[in-house]
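Okay, structure first, notes after.
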Amino acid sequence: MINTPDRDKFQENPLQTIERFISRLVLESPLNRLTFIDNRPIFEKPLIGIAGGYDPLYKEYKRIIGTFHLTPLEILEGEFPGFSENEAKDGICVVCWVLPFTRRIKKSNSGARHWPSLRWSHGTQFGEKFNNFVRQGLVDFFRGLGYLAVAPMLSKQWTRITHFPGGHTSNWSERHTLYAAGLGTFSLNDGFITECGMAMRCGSVVVAAKLPSTERKYGSHVANCLFYPDNKCGICIDRCPANAISIKGHDKIACRRYREEFFGNVLSKQCGVHITPGSCGLCQTDVPCESRIPKADR
Ligand code: B12
Ligand code: SF4
Ligand code: SF4
């Protein structure tokens, strides 16, 4: 059990306090363990960022993604009837985190060629359960401090839009809010490249509090990918067993179909416990952006 600090103490250094809170969950929670394999951890130390809730990017996302994509204010209004912009005059923000997979999990998937390794599949399935635990933990943490807070992915408001040109999308994209918080950028294969690479899972919580935003230091939404601007790399194209990546980008429909029609059922049985494997994630491992920003090498 992690105690909530008092509000003044929290305000002295919010970023560090949140970082410590999530790091402790990573270290201590039995949910961050591959229980059905060997009880080793799933995720390592997190990265944390904070986006301003009124960042103009969120309005841009209605154009880039679709009008259905919610802004942080709309999330709060939908969750707390009666919540108005006036009540949010003190500010709103979005606290975001990145949970990098352990080296062992990444290594196991690096050796895979046709479908994900068992360790990666367990890591994805049970890792998302842990990620939900972090989401709920942070919501409770902020509510304990007296702030309204909601994790969009745990809210009834969240929906996956399955019939959308170009493939699945949703009304709250975790990675777009991570981008707003300066935690990284997108890439040729659609994956999000952070300082600890692309092989990760991530999350966010919208909070009715004014907290200092973290810097967005990237020049474009694909700045961390070696493919831009001069077509260097493209290693993920060859890693993809579904031919879902090309110099034109990521074909989400082919990516998903490959899992559904080719390996989903087989792997589900091999896993030994009930698992619905996600897309293979081979493009996230054994690539230069797996565990870092490859451009830092240049
Ligand atoms: C639906 C979904 C899928 C779909 C579609 C993915 C997609 N690209 O949207 C499918 C089934 C294909 C999929 C596959 C995978 N997924 Co998935 N998925 C989701 C889910 C539930 C919603 C995604 C969403 O809303 N997308 C919104 C659309 C608009 O995003 P997009 O099309 O990629 O956005 C592009 C444009 O917006 C464009 N863009 C154009 N102009 C501009 C301008 C600006 C300023 C910006 C910022 C962007 C931008 O940039 C983007 C990239 O090209 C999220 C969870 C969540 N709520 O976020 C997880 C999530 C994206 N998935 C994740 C993972 C790990 C995977 C897999 C590796 C499978 C796995 N379980 O291991 C594969 C990876 C496939 C790949 N190459 O990306 C992680 C992301 C990890 C990462 N490093 O990026 C997420 C965030 C889950 C999590 N909580 O961690 N997934
Ligand atoms: S493997 Fe290369 S081209 Fe593909 S996303 Fe990573 S850096 Fe970009
Ligand atoms: S998740 Fe697998 S199928 Fe989808 S783009 Fe990446 S490598 Fe290809």
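Here are the numbers for this structure:
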| read-out | value |
| --- | --- |
| Helices (runs of 4 or more DSSP H) contained in segment 190-298 and holding at least 1 residues within 12 Å of ligand 2 (Cβ to nearest atom) | 235-239 |
| Among the residues listed as P81, P116, the single one being free of Cβ contacts under 8 Å to residues at least 12 places away in the same chain and assigned to a loop (DSSP other than H, G, I, E, B) | P81 |
| Test: residue in segment 156-167 that is within 16 Å of ligand 3 (Cβ to nearest atom) and within 23 Å of E60 (Cβ to Cβ) | yes |
| Qualifying residue in segment 245-263 (condition: closer than 30 Å to A149 by Cβ and of a type in the set (K, R)) | no |
| Qualifying residues in segment 254-298 (those that are acidic (D, E) and under 23 Å from E195 (Cβ atoms)) - the one nearest to the chain's Cα centre (by Cα) | E290 |
| Segment 208-235, residues that are free of Cβ contacts under 8 Å to residues at least 24 places away in the same chain and either closer than 30 Å to E12 by Cβ or under 21 Å from the mean Cα position of the chain (by Cα) (or both) | G219 |
| Residue match in segment 49-65 (condition: loosely packed, with under 14 Cβ neighbours inside 10 Å and either of a type in the set (F, W, Y) or in contact with a Leu (Cβ under 8 Å, 6 or more places away or on another chain) (or both)) | no |
| Meets criteria (closer than 22 Å to H176 by Cβ, touching a residue at least 12 places away in the same chain (Cβ under 8 Å) and aliphatic (A, V, I, L, M)) for I75 | yes |
| The one condition in (1) crowded, with 22+ Cβ neighbours inside 10 Å; (2) on the phi > 0 side of the Ramachandran plot; (3) more than 16 Å from ligand 2 (Cβ to nearest atom) that G166 fails to fulfil | (1) |
| K156 more than 10 Å from ligand 1 (Cβ to nearest atom), in a loop (DSSP other than H, G, I, E, B), modelled with pLDDT of 95 or more and of a type in the set (K, R) | yes |
| Failed condition for G91, given (1) farther than 30 Å from F263 by Cα; (2) touching a strand residue (DSSP E or B) at 6+ places or on another chain (Cβ under 7 Å); (3) among the small types (G, A, S) | (2) |
| Condition check for T177: near ligand 1 (Cβ under 8 Å from one of its atoms) and either free of Cβ contacts under 8 Å to residues at least 12 places away in the same chain or surrounded by 16 or more Cβ atoms within 10 Å (Cβ to Cβ) (or both) | no |
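The values are calculated or read from the model by the stated rules, or taken from the named source; none is laboratory data. This one's a predicted model, so the numbers in the text were calculated from it and none came from an experiment. Positions of Cβ are generated from backbone atoms using ideal geometry, with glycine treated the same way; all protein chains shown enter the neighbour counts.
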